1. Taking the radius of gyration and the Kirkwood hydrodynamic radius from Cα positions alone, what is the Rg/Rh ratio for region 83-184, to two decimal places?
2. Once all Cα-Cα distances of the chain are split into 5 Å bins that start at 0, what whole-number percent is in each one?
3. Which value in nm describes the separation of the simple spin-label points at Leu174 and Glu3, placed 7 Å from the Cα toward the beta carbon?
4. Given Cβ point charges of +1 (Lys, Arg) and -1 (Asp, Glu) and nothing else, what value in debye, to the nearest 20, does the dipole of the chain about its Cα centre take?
5. For Leu156, what is the net charge nearby, where nearby means another residue's Cβ is under 14 Å from its Cβ and Lys, Arg count +1, Asp, Glu -1?
6. Count charges around Arg179 for me, please; just the other residues with Cβ under 14 Å from its Cβ, Lys/Arg as +1, Asp/Glu as -1.
7. Suppose every K and R has +1 on its Cβ and every D and E has -1 on its Cβ; what is the size of the dipole of region 144-252 about the Cα centre, in Debye to the nearest 20?
8. Give the whole-number value, in cubic angstrom per residue, of the convex hull volume spanned by the C-alpha atoms of region 2-135.
Amino acid sequence: MIEFLVDLIQKAGSICKVEQSRLLPSDVNFKGRKDLVTTVDKKIENFIIEKIKTKYPGHDILGEETGRSSFSSDYVWIIDPIDGTTSFLHQQPFYSTSIAVQHQGKTICGAVFAPRLDELFYADQDSGAFLNGGLIRVSAAEALINSVMATGFACLRADAKPNNLSYFNKIVPLLRDIRRFGSAAVDLCYVACGKLDGFWEMNLNSYDVAAGAFIVEKAGGKVCDFNGDVYFPENGIISANPSLINQLLEHFK
Ligand code: 2AM
Ligand code: CA
């Protein structure tokens with residue numbers, strides 16, 4: 001299954017890269033005032049769904065653009081065709097395709113591919129996590145002051161209240177620095193490979209984080225909600241290496 005997934009996500013990413021370079025204003029639609037979708041999001045999701053249906057006809061599918069196909073299988077494929085659509089539209093490189101497979105509610109494999117970065121992350125239940133074929137681990141940073149983290153503002157795009165600004169103001173001065181890449185899936189994978197020491201965000205959906213959260217855990221990292229519990233992303237999501245997770249969590253209580 002992981003071989004099929006890795007091959008599929010690379011094909012999807014290659015199409016994204018070509019389509020980004022020839023994107024037109026007429027390709028953009030608004031789901032909300034700030035919430036964008038392009039014709040490419042839909043094209044990629046349909047491409048992925050068709051391939052899955054051919055290979056695994058009985059499996060359920062949950063896609064950001066098309067919703068849940070059915071509730072008839074123990075297996076569900078969770079797809080975000082373009083995570084970071086704003087970056088994609090603005091010709092920036094920080095977007096990805098994210099696909100996870102769950103069996104009876106538990107993730108068994110996941111992949112995130114950022115084609116402009118040429119970074120392919122994946123993991124399955126029997127092995128560790130990989131970036132472009134090499135084994136990855138979370139960072140060894142032990143103090144917030146030595147760490148670089150990422151966050152995002154999906155909450156502001158959705159006009160949600162409360163939003164992330166109070167956490168942002170509190171946490172940023174405690175860190176070496178902060179990044180805002182715009183793809184939660186990439187952020188989580190960057191925690192997995194140690195390029196980031198931590199990440200938090202609120203208002204995300206399962207398709208934004210399913211693959212990335214699994215990849216972080218397989219790389220030795222921790223993922224929890226804002227209460228230190230397992231109800232992410234509904235109750236917010238926090239991820240970091242095992243030394244930093246409690247230090248970060250402290251600021252959400
Ligand atoms: P998307 O590009 O697939 O929409 C960046 O902060 C993260 O937030 C991305 O994973 C992005 O996913 C997600 N996001 C952006 N706007 C959002 C909104 N209005 N509601 C929920 N999630 C959003
Ligand atoms: Ca997304």
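1. Rg/Rh: 1.01.
2. 1, 7, 14, 19, 20, 17, 13, 7, 2, 0, 0
3. For Leu174 paired with Glu3, the spin-label model returns 4.6 nm.
4. 480 debye
5. +2
6. -1
7. Using only the charged Cβ atoms, the result is roughly 300 debye.
8. Dividing the Cα hull volume of region 2-135 by its residues yields 107 Å³.
Any read-out appearing in this document is the output of simple, stated calculations on the displayed coordinates, not a laboratory observation. Being a predicted model, the structure only gives us computed values, none of them experimental. Virtual Cβ from ideal backbone geometry, glycine too; neighbours counted across all protein chains shown.
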